[in-house]
Amino acid sequence: MTMSVFSRGFHGIRQGVAALLLLFAATLSVTAQQESPATRQMLSKAITAEGDDQISAVTALANTHSDLVRRVLTAWPLDEVFIIDAADGSKVPCMLEDAQDADGKQKAVRIDTGGFLNDASGKPQAFFANDLTSVDTDMRLRRAIQDTLDLMALSDPSADARKSAVKKIGMLQKLSYVPVLQARLTQETDGDVRTAIAQAVATMQLKDPNPAVQIAAIQKLGEISSMDCRDVIQTVITNPKSSGDEVAAAKKALALIDAHIARVNFFGTIFRGLSYGSILLVVAIGLAITFGLMGVINMAHGELIAVGAYTCYVVENIFGSGLPLSPFGFSMRLPGLNFSGWMFQTYFLFAIPLAFLMSALVGIVLEVCVIRFLYRRPLESLLATWGVSLILQQLFHLVFGAANVQVNSPVWLSGNFTVHDVTLGYNRLFVIAFAALIVFATWLLLTKTPLGLLIRAVMQNRNMAACMGVRTERVNMLTFAFGSGLAGLAGAFLSQIGNVGPSLGQNYIVDCFMTVVVGGVGNLFGTVYSALGIGVVDEILQQVFGSPVVGKITILVCIIVFLQWRPSGLFATKGRGLEG
Amino acid sequence: MKREFSLLEWLTVLVLAVIAIVIVPCLNAFTPETSALHISDFTVNLWGKYFCYGTVAVTVDLLWGYTGLLSLGQRLFFALGGYMMGMYLMRMIGSLGQYHQPIPDFLVFLGWTRLPTFWQPFSSFPFAMLMVIALPGLLSFVFGFLAFRSRIRGVYFSILTQALTYAATLLFFRNNILMGGNNGFTDFKYILGYDLRHAATQRGLYIASAVFLLIVYLGCKRLTQTKLGKVQRAIRDSENRVLFSGYAAANFKLFIFVFASAVAGIAGALYVPQVGIINPSEMDTVTSLETVVWVAVGGRGTLVGPIIGAIFVNALKSWATRAYPDYWPIILGGMFLLVVLFLPRGLVGLAEHCVNIFKKMRKAPQEPQPAPAPDAEPAAVNHAPAK
């Protein structure tokens, strides 16, 4: 599992590097002037022409597949293409160079030749952008430019760009584009784009005067079950001009699409539920150890999570440009390593163990100073740790400020991919994988290591273990440190999902306790089931009620009722003790 | 545990009651503002709030100190009582709101043109007062019935009450339950025809709070001395033995829980017209925990303790949030930590301890005992395993 996580990481880095190279190449090509003179002529004619001529000239540019055309057409509606009176009196379409000279003037590049616009003496002329008249655009022209750009994007090297261009064109529902798209279909190799083209063609054919073609198109859309086409098909049904056959076909297609949407929503909900459940699991597993195994109610567990999250934040800033802090009125600055690129992206790999260690350290201090004295008084450990939680929250407040801080996810954790219209975010997948890893590691530690043996012995019968020579105090300390460290890991993950603030832990503490109580105290796998169960049910309820708050309230009520039926949780540890 | 009211205790209570209920309002009303004896409206209002806090703290102690049920949701019932009172006060605004409509402003803002059905009876004061007791009572009855029936106890009970409070807070933050949402109720004008902005009305509310606290104090004192009070403490000390002796522990617990909630509801109803606002942050889980702090600091298992604790911590808070706003949570948390670790019986316990030391010191010269000093110093260590 670790391997896959890492390889995805490196894959992501490679992608990042590749993207950088591409960007670099693109910058170079701006200065390269390899456009054919014919294209340049067409372009300058399109710019100088008027009225319908201009529109047809612009539309004709779609076949050039030239990078220059793309740049000029993009710049045009932004008022960055100018007509300048040249020294010889002719009007020359120009764009300004990016570089400015000392006065803030920019040299003009002739669109018709690619060279600089020279003055009478043959030197390049420089202008203030504000002094020049840009080429006017009206609504129709802008639309034509946009359509042309979209058509050109059909041959874009990036599959995603091609796909979105295809979708855009399809939505225009212009029959004249059908041959263009069909021609593209013969060259297209990417499966997703081919589906998109088929869908776009079918969408356009809805406007076809021939009813047979139309019905075929509707059926095709139903087969593809694309969610984008739902509205289009809806209009066929509501359109009074549609014939009976068309409406029937459209209804059938609509039913198919709705079924597809329901499926997508269902799997999307399950996925979100699993990922929320995994977050709960990561957050609650530390508590399952301190509360479930040790019987200590640690209300400061949420703050241990925040320690982990802030550790992540600090590590990120140290890898970056440093972090100014002003705790208690002193102003200080953590120096930064000023890494960039993939070096910076690896910060998270360092942050994870550090988050564990920092939280474990805080946990040890907490155990030694407070909890050690309260093992036999669980209610009071609840209150004392609440005091600690208040203090820690305020310390975060004083050190890192009251505002939430943002931790930038590494590139390889942001982004997502889509399977059959279900969007899977990398960070959520990562949380699921990591939750599994943590549970596995915890299970290994508890059952396969000498420390785990000692932990279980102390938890089952402290006095007996002490009689056998187990140093129970040390075992307690280590167990508590381990539980706290797991909270720190949870914090590291929460920092990737949302913002980090002093009250980060407070948002999770109630859910945490619920998860552990429902799972059954003292049973790690109960926690796993209950976390995933609560996560999925929570997402489903949110879908049903359409509101996260109502969903949450319902789930809390459900839990209270559930405990009627199973007072000691899903997996109760069976014992003969009366006081349990 | 059978401690009758001694004469000294009666006298102290009487003197304090007379000062709080008679002398303070008189000093507020009849002395000129320049006089050294004058007590300002602000102070009266502040102490009115403290008395409400004291009352809710007594109910927490009744549950925690006497029955062993640490409820982390007592302020929920307090706030519910406050909300019921708030609904009545909102109706009494009449058309004086910003929109000059016969219905509360926030409803106008939400697009309502007439009063929702469940708001209608709240124009009546007796109905509102009934709801002040009934709603917290009903909620605690349902919750308590479910919880005690399935023998949820100890920390599980605490966690569940906290979850209940959390759920309720989330619910009250919503606009579409028509309870004012985030902003709650405010801008109250009249209560029973009296103007809330008048010093005399506030004085009346102050006296009502003080009298109510006195009643609750004396009532609880009596309650804890009855047989029921004994069963209560027996449940705290060993619930299983109580069960085996044939008592239905769940019913006793349920009674105490509902009683405490209803009293907390009334305290909340007295509190709201004095502070002039009620919103969901009042029932936040943190406020309930803070209330538990008051009890712990004052001394649980005694009835004066919570009152002293509530007044002491809140007075400290009033001062600290002005003097050291940044450090107040640290002071509160630290104080709590120290009290739990070293003073399990709070300020009252500390006072008793000091009295004991003082008595021993006086005895010491007569009977040569081992020096009393070591006893005084490691107080924490001695007390910790006592429970």
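Being touching a helix residue (DSSP H, G or I) at 6+ places or on another chain (Cβ under 7 Å), on the phi < 0 side of the Ramachandran plot and away from chain B (no Cβ under 14 Å) is true of A:Ala355.
Entry remark, the range A:334-373: residues being under 30 Å from B:Pro325 (Cβ atoms) and aliphatic (A, V, I, L, M) number 8 in total. Return the residues of the range B:119-170 that are surrounded by fewer than 20 Cβ atoms within 10 Å (Cβ to Cβ), free of Cβ contacts under 8 Å to residues at least 12 places away in the same chain, within 14 Å of chain A (Cβ to nearest Cβ) and hydrophobic (A, V, I, L, M, F, W, C); say none if nothing qualifies. Residues satisfying the conditions are B:Val142, B:Leu146, B:Leu170.
The single residue among A:Val470, A:Val500, A:Val521 that is of a type outside the set (Phe, Trp, Tyr) and touching a strand residue (DSSP E or B) at 6+ places or on another chain (Cβ under 7 Å) turns out to be A:Val500.
A:Val69 - would you say it is crowded, with 19+ Cβ neighbours inside 10 Å and assigned to a helix (DSSP H, G or I)? Answer is yes for this residue. Looking across the range B:229-269 at every residue that is of a type in the set (Phe, Trp, Tyr) and over 23 Å from the mean Cα position of the chain (by Cα), the one that is nearest to B:Pro280 (Cα to Cα) is identified as B:Tyr247. Of the residues making up the range A:527-575, those that are over 27 Å from A:Thr442 (Cα atoms), more than 9 Å from chain B (Cβ to nearest Cβ) and modelled with pLDDT under 80 number 2.
For B:Val297, the conditions (1) farther than 19 Å from A:Gln394 by Cα; (2) of a type in the set (A, V, I, L, M); (3) away from chain A (no Cβ under 12 Å) all hold with the exception of (3).
Comparison of A:Leu486, A:Leu524 shows that the only residue that is at pLDDT 80 or above and not assigned by TED's automatic domain parsing to the domain that holds A:Tyr375 is A:Leu524.
The condition of being of a type in the set (Gly, Ala, Ser) and surrounded by fewer than 16 Cβ atoms within 10 Å (Cβ to Cβ) does not hold for A:Ala490. Scoring B:Ile103 on the criteria (1) free of Cβ contacts under 8 Å to residues at least 40 places away in the same chain; (2) within 14 Å of another protein chain (Cβ to nearest Cβ) leaves a single failure, condition (2).
Evaluate the range B:275-287: report whether one residue or more is part of a helix (DSSP H, G or I) and more than 30 Å from B:Tyr194 (Cβ to Cβ). Yes, because at least one residue in the range B:275-287 is part of a helix (DSSP H, G or I) and more than 30 Å from B:Tyr194 (Cβ to Cβ). The helices (runs of 4 or more DSSP H) located wholly in the range B:29-128 that include 1 or more residues which are among the basic types (Lys, Arg) occupy B:41-67, B:74-93. Here B:Thr302 meets the list (1) over 30 Å from B:Gln225 (Cβ atoms); (2) more than 14 Å from chain A (Cβ to nearest Cβ); (3) of a type outside the set (A, V, I, L, M, F, W, C) almost entirely, failing just condition (1).
Using the structure shown, decide if A:Ser389 is within 22 Å of A:Gly308 (Cβ to Cβ), buried (at least 22 other Cβ atoms within 10 Å of the Cβ) and modelled with pLDDT under 90. Here the answer is no, as A:Ser389 does not meet what is asked.
Put simply, of B:Leu160, B:Leu178, B:Leu192 the only residue that is under 21 Å from the mean Cα position of the chain (by Cα) and among the hydrophobic types (A, V, I, L, M, F, W, C) is B:Leu160. Say whether the condition of being under 30 Å from A:Glu316 (Cα atoms) and not assigned by TED's automatic domain parsing to the domain that holds A:Leu293 is met by at least one residue in the range A:533-546. Looking through the range A:533-546, at least one residue is under 30 Å from A:Glu316 (Cα atoms) and not assigned by TED's automatic domain parsing to the domain that holds A:Leu293. Could you check, for the range A:313-327, whether at least one of its residues is of a type outside the set (Gly, Ala, Ser), touching a helix residue (DSSP H, G or I) at 6+ places or on another chain (Cβ under 7 Å), in contact (Cβ under 8 Å) with a residue 60 or more places away in the chain and closer than 30 Å to A:Leu383 by Cα? Yes, the conditions are met somewhere in the range A:313-327. Only one of the listed residues (A:Gly302, A:Gly268) is modelled with pLDDT of 80 or more, surrounded by fewer than 23 Cβ atoms within 10 Å (Cβ to Cβ) and not aromatic (Phe, Trp, Tyr). That residue is A:Gly268. Restricting attention to the range A:541-568, the residues that are hydroxyl-bearing (Ser, Thr, Tyr) and buried (at least 20 other Cβ atoms within 10 Å of the Cβ) total 1. The range A:377-476 holds helices (runs of 4 or more DSSP H) entirely within its bounds, and those carrying 1 or more residues that are over 30 Å from B:Val60 (Cα atoms), away from chain B (no Cβ under 14 Å) and touching a Gly at 6+ places or on another chain (Cβ under 6 Å) map to A:426-448. So which residues in the range A:310-362 are more than 17 Å from A:Leu398 (Cβ to Cβ) and not in a helix (DSSP H, G or I), if there are any at all? Once the filter is applied, which keeps residues that are more than 17 Å from A:Leu398 (Cβ to Cβ) and not in a helix (DSSP H, G or I), the range A:310-362 yields A:Gly320, A:Ser321, A:Gly322, A:Pro335, A:Gly336, A:Leu337, A:Asn338, A:Phe339, A:Ser340, A:Gly341, A:Thr346. Look at B:Phe106 and say whether it is surrounded by fewer than 24 Cβ atoms within 10 Å (Cβ to Cβ), touching a Gly at 6+ places or on another chain (Cβ under 9 Å) and under 20 Å from B:Asn183 (Cβ atoms). Spelling it out, B:Phe106 is indeed surrounded by fewer than 24 Cβ atoms within 10 Å (Cβ to Cβ), touching a Gly at 6+ places or on another chain (Cβ under 9 Å) and under 20 Å from B:Asn183 (Cβ atoms). Summed over the range B:327-378, residues that are within 14 Å of another protein chain (Cβ to nearest Cβ), at pLDDT below 85 and farther than 21 Å from B:Gly305 by Cβ total 1. Tallying residues that are modelled with pLDDT of 95 or more and out of contact with any Ser or Thr (no Cβ under 6 Å at 6 or more places or on another chain) within the range B:63-78 yields 1. Kindly establish whether A:Glu316 is away from every other protein chain (no Cβ under 14 Å) and either surrounded by 24 or more Cβ atoms within 10 Å (Cβ to Cβ) or at pLDDT 85 or above (or both). Answer is yes for this residue. Filtering the range A:496-554 to residues that are touching a Cys at 6+ places or on another chain (Cβ under 9 Å) and without any contact (Cβ under 8 Å) to a residue 40 or more places away in the chain leaves only A:Leu541.
The values are calculated or read from the model by the stated rules, or taken from the named source; none is laboratory data. Treat the numbers as computed from the prediction; the structure is a model and nothing was measured. Note that each Cβ is placed from the backbone with ideal geometry, even for glycine, and that neighbours are counted across all protein chains shown.
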